[in-house]
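I have placed the structure first, in the form of structure tokens, so that the comments after it can refer back to it.
The values are calculated or read from the model by the stated rules, or taken from the named source; none is laboratory data. Model, not experiment: these values are computed from the prediction. In this analysis, Cβ positions are derived from the backbone assuming ideal geometry, glycine residues included, and neighbour counts consider all displayed protein chains.
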There are 2 protein chains.
Amino acid sequence: MEKSKHQDEAAELQPTSMIQGVLTQSELGEVERSGSFDAIAMGEQLHALRKSRKLTLQDMARQTGVSASAVSKIERGEFSPTLGTMQRIAEGLKIDIVSLLSGTSNEVQPYGRRSVNSADSGRQHLTSTCVNRLLSPDLREKRMLPVRTTVTARHVDDYIDWARSDSEIFLFVLSGILVLHSRAYEPLRLKMGESVYYDANIQHAWTSEGDTDAEVLWLISTR
Amino acid sequence: MEKSKHQDEAAELQPTSMIQGVLTQSELGEVERSGSFDAIAMGEQLHALRKSRKLTLQDMARQTGVSASAVSKIERGEFSPTLGTMQRIAEGLKIDIVSLLSGTSNEVQPYGRRSVNSADSGRQHLTSTCVNRLLSPDLREKRMLPVRTTVTARHVDDYIDWARSDSEIFLFVLSGILVLHSRAYEPLRLKMGESVYYDANIQHAWTSEGDTDAEVLWLISTR
DNA sequence: GCTAAATTTGTCGGATATGATAAATAATAA
DNA sequence: TTATTATTTATCATATCCGACAAATTTAGC
């Protein structure tokens, strides 16, 4: 079993960013997306943004101080703008360059979404080390991924690969005794009501201690 | 009481980004930071990055395909580079432009941090509507802020201002009955073991129902 | 359809960025 | 120190960006 053991159901439910079926690839996906773009992409961004605001090239020129012809050429990728002109454009449009470049400037922020979970909601997903139930799977592009998990593993040997990602994890023990194993720390025993917040960029794995399986509520950051 | 009611202790513990004592200003802080920079700042960024990697201008030229003299002038803000050259530089340095511009390219990502909370850990902070205990307050710059709260309010009238921020909130009921009030939805009753994930950009407030105060575990996204 | 206005795209001169090479400065060694 | 080398900055020719205005295209009204 590998790192996705207590994570692959989550992966299934966030398809766009889950390249390898590993939950924490979601963040990787974000990073990759924001990093990959060229002058044309940026031009398209700008064009889309201008259209969505229903501005003409002239309006643009007036607001930003960059000539209409220049904006036109930038939009069509005919040449690659100077940082200075990009700044003027961003300033005139009241957005920051980062979002202009990363292509998030035109995204509408989700508003008022809500997803309720009953005590036993969520399709169960079994692995050899735990049973996962992803909470609020209907909401996409969440910043946090809440999961309720029953940890069935009793020994770290049950894990072939330990989990690792560039995310952060918060874990709260609902019942039983959970042992958090980490490459950087001694095993940590957590009882009911206890919790831990840790960087997932260090390898880690979970096991239960005692007769009953530990039940945990945990969230992993997605960006 | 205002929006920070069940959030102001959190604010206290993330001083840099908590301008107005409102928890979700953390996000605002991030945004503001990433938006403010000019060509010179970018040049300084680049210079710092080059130095930290112990590269000469020639090395740079070799790796990026941008001439040493050009890089030198960019670093000193003598002119504003083209998006194309910025791309070449970013590519050669194996970073994405966004982080180069936003100034995060040279930051070291926290590694292997960990913070454990006992069942009753965290200094209590009383407000007129609830008792908050911020979990893992010793970790700074977290992507999620975990809080354990006892909701003492019985009626929405106890709130003067409802909470609102550009964050996302996950809430899990540990005991009692919590009622989630929202400007967009009918009041939602949540019993023990039930949970909800919602966008905090719509005004909301929490109350307890029944004789005992509801005990909830909740996390709010910070970026 | 046509006409007129609005909007976008092309042209060209001037401004600015970039690259090759030289000059200047800083670092290193004897 | 001086000599030597490494590194950065300045010079200048060339390529590219940018702005003003003209040409072409699209849109709107009839």
What are the pairs with Cβ atoms under 9 angstrom where one residue, in region B:67-78, is free of Cβ contacts under 8 Å to residues at least 60 places away in the same chain and the other, located anywhere, is part of a helix (DSSP H, G or I) and within 6 Å of DNA strand C (Cβ to nearest atom)? Sequence gap at least six, or different chains.
B:Ala70/B:Thr85; B:Val71/B:Thr85; B:Ile74/B:Thr85
Which residues, counting only those in region B:139-180, are of a type outside the set (D, E, K, R) and surrounded by fewer than 18 Cβ atoms within 10 Å (Cβ to Cβ)?
B:Thr152, B:His155, B:Val156, B:Ile160, B:Ser175
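Conditions tested, residue by residue: (1) in the same structural domain as B:Leu46 (by TED's automatic domain parsing); (2) over 30 Å from A:Met144 (Cβ atoms).
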site	(1), (2)
B:Ser67	yes, yes
B:Ala70	yes, yes
B:Phe79	yes, yes
B:Gly84	yes, yes
B:Ile97	yes, no
B:Arg123	no, no
B:Val131	no, no
B:Leu139	no, no
B:Pro146	no, no
Just one listed residue, out of B:Ser136, B:Ser118, B:Ser99, is buried (at least 18 other Cβ atoms within 10 Å of the Cβ), under 22 Å from A:His204 (Cα atoms) and free of Cβ contacts under 8 Å to residues at least 24 places away in the same chain, and it is B:Ser136
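If a residue must be in a helix (DSSP H, G or I) and either of a type in the set (Phe, Trp, Tyr) or surrounded by fewer than 16 Cβ atoms within 10 Å (Cβ to Cβ) (or both), how many such residues does region B:55-87 contain?
Within region B:55-87, residues that are in a helix (DSSP H, G or I) and either of a type in the set (Phe, Trp, Tyr) or surrounded by fewer than 16 Cβ atoms within 10 Å (Cβ to Cβ) (or both) number 8.
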Whether any residue in region B:188-202 is surrounded by fewer than 17 Cβ atoms within 10 Å (Cβ to Cβ) and either β-branched (Val, Ile, Thr) or touching a residue at least 24 places away in the same chain (Cβ under 8 Å) (or both) is what I want to check.
no
Consider region A:56-99. How many of its residues are near DNA strand D (Cβ under 7 Å from one of its atoms) and in contact with a strand residue (DSSP E or B) (Cβ under 9 Å, 6 or more places away or on another chain)?
4
I'm trying to understand the selection: among the residues of region B:87-106, which are farther than 14 Å from B:Ser52 by Cβ and more than 7 Å from chain A (Cβ to nearest Cβ)?
B:Arg88, B:Ile89, B:Ala90, B:Glu91, B:Gly92
From B:Ala11, B:Ala39, which residue is modelled with pLDDT of 50 or more, buried (at least 18 other Cβ atoms within 10 Å of the Cβ) and not basic (Lys, Arg)?
B:Ala39
If only one of A:Arg154, A:Arg133, A:Arg123 is away from DNA strand C (no atom under 13 Å from the Cβ) and within 13 Å of chain B (Cβ to nearest Cβ), which one is it?
A:Arg133
